[in-house]
Amino acid sequence: MEANLERASRRAAVLGVALAVAAVVISQAGTLWLASHRTSSEQADVVESGVALTPGDAEAWDRLGRLQQWDMEKGGPSQAMAAYQRAVRVNPLWAHYWLDLASADEDAGNPAAARQAFARARDVYPASAEVAFYYGNFLLRQGEYDEAYKALSRAVSSDPRLLPLAISRAWRANGDVHALLNRMLPRDANAYFEALDFFSTIHEAEPALVIWHSLVALGQPIALPHTFPLFEELIREDRAEEARRTWQEARRAASLFRQDAANGSLVWNGDFREDFAEGGLDWRWNMPLGATIDFDNAPAPNGSRAIRLEFGGGSNIGLDAPFEYVPVQPNRTYHFRGYLRTAEITTESGIRFQITDPNHNGAVSMLTDDFAGTRPWTAVEADVTTGSETHFLLIRVARLPSRLFENRLSGTAWVADVSLIPHTPASGQASR
């Protein structure tokens, strides 16, 4: 009997200990769950109550600091710094916490402390592209450009994904394209294309051309479509001479060689012997719904290849393609010629050529007679005089929608041998 009582007493003791341990574990688990739930909140006061439960959680302190830093009503850099300082005390070997502390120090107007925090981040993770990138940006804001470019150069060399942002930040800091090119950009075609696209996007042709010349000097092959954003900007800024010269350079770099037009025409690929590049100074399709376009190998005037446009009769479409931008000179007269042929083009509004100044409304506006029904190959000719500000002409195949809504366009049209020739070449005028 005594043995049984002793065993029962031991069992009860073991059970009591197990229950006590379970209670502690459950309590701790509950605390951890509650802390995790609170620190994942988007409200700083809720996160603060969470870190109070787990003061050894560096990530939670850092999260609290980020919420406080951007909450100008209830927080601010001063409060954020206290949270970040707790984070780096708990875990001084995580570079991101030092970066966040540096950001708060700078926001609070203490660049010296920010510089020390950046130094600690670099000590912790000297190979980090992100640390170098944020430190480089800090130096840009301090006006320390030489050291900033060095840091940004390390960053983009380690992680090319940072390059677009680095280009943008460096340019906006001091607007020095030569420093950006020589001190920050890797000597690499992809890096130069990133810069070229950036300057084209923000409508800065001058620095874009500086990048372009350096890109050409690399002597590496260049895919022609990569140059199209630059040409869009050169056209937009009316930089005709640069566009013409750059087009020749781009084609050479793309190993696309072609003799100049024997008749001195300024229209590129006016005989349609090459497929359309769809950008730059070549033809572009841009066909609307209800129309299809292709090359036609049947004989065409002057040995040209023809393009064939077919209309299905489903709609009363307007047509403004194919088209090409042609560099020209102001106050000059040019002779235009193109060949048209039609077969069973319906409606009173047929196919014609249109020439305009794309950048100055009304400076040049010319429409040739339209072709409807069935007509053989016919030369369409006109003289075009440019305005005082005209540097580009836009030549396109056009069709104005019929005035009668139900007049749906059907039939086929062909275009061949399009040219634009200066009446009297000017000094220095390049012709093809």
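The values are calculated or read from the model by the stated rules, or taken from the named source; none is laboratory data. Since this is a predicted model, take the numbers as computed values, not measurements. Here Cβ is always computed from backbone atoms with ideal geometry, including for glycine, and neighbour counts include all displayed protein chains.
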For the stretch 307-327, check the following and say yes or no: at least one residue is in contact with a Lys or Arg (Cβ under 8 Å, 6 or more places away or on another chain), free of Cβ contacts under 8 Å to residues at least 12 places away in the same chain, assigned to a loop (DSSP other than H, G, I, E, B) and within 14 Å of D417 (Cα to Cα). no
The one condition R273 fails out of (1) of a type in the set (K, R); (2) part of a loop (DSSP other than H, G, I, E, B); (3) crowded, with 21+ Cβ neighbours inside 10 Å is (3)
Does S153 count as in contact with a Leu (Cβ under 6 Å, 6 or more places away or on another chain) and assigned to a helix (DSSP H, G or I)? no
I'd like to know if the stretch 348-362 contains one or more residues that are more than 16 Å from H391 (Cα to Cα), surrounded by fewer than 17 Cβ atoms within 10 Å (Cβ to Cβ) and out of contact with any Gly (no Cβ under 6 Å at 6 or more places or on another chain). yes
Residue count, the stretch 233-269, condition in a loop (DSSP other than H, G, I, E, B) and touching a residue at least 12 places away in the same chain (Cβ under 8 Å), comes to 16
Scanning the stretch 287-300 residue by residue, those buried (at least 17 other Cβ atoms within 10 Å of the Cβ) and not in a loop (DSSP other than H, G, I, E, B) turn out to be A291, I293, D296
Sole miss for A253 among (1) within 36 Å of the chain's Cα centre (by Cα); (2) small (G, A, S); (3) not assigned by TED's automatic domain parsing to the domain that holds P229 is condition (3)
Here, strands (runs of 3 or more DSSP E) confined to the stretch 339-432 with at least 2 residues that are in contact with a helix residue (DSSP H, G or I) (Cβ under 6 Å, 6 or more places away or on another chain) and at pLDDT 95 or above are 410-422
- prompt: Within the stretch 210-227, can one find any residue that is assigned to a helix (DSSP H, G or I), in contact (Cβ under 8 Å) with a residue 60 or more places away in the chain and in contact with a helix residue (DSSP H, G or I) (Cβ under 7 Å, 6 or more places away or on another chain)?
  reply: no
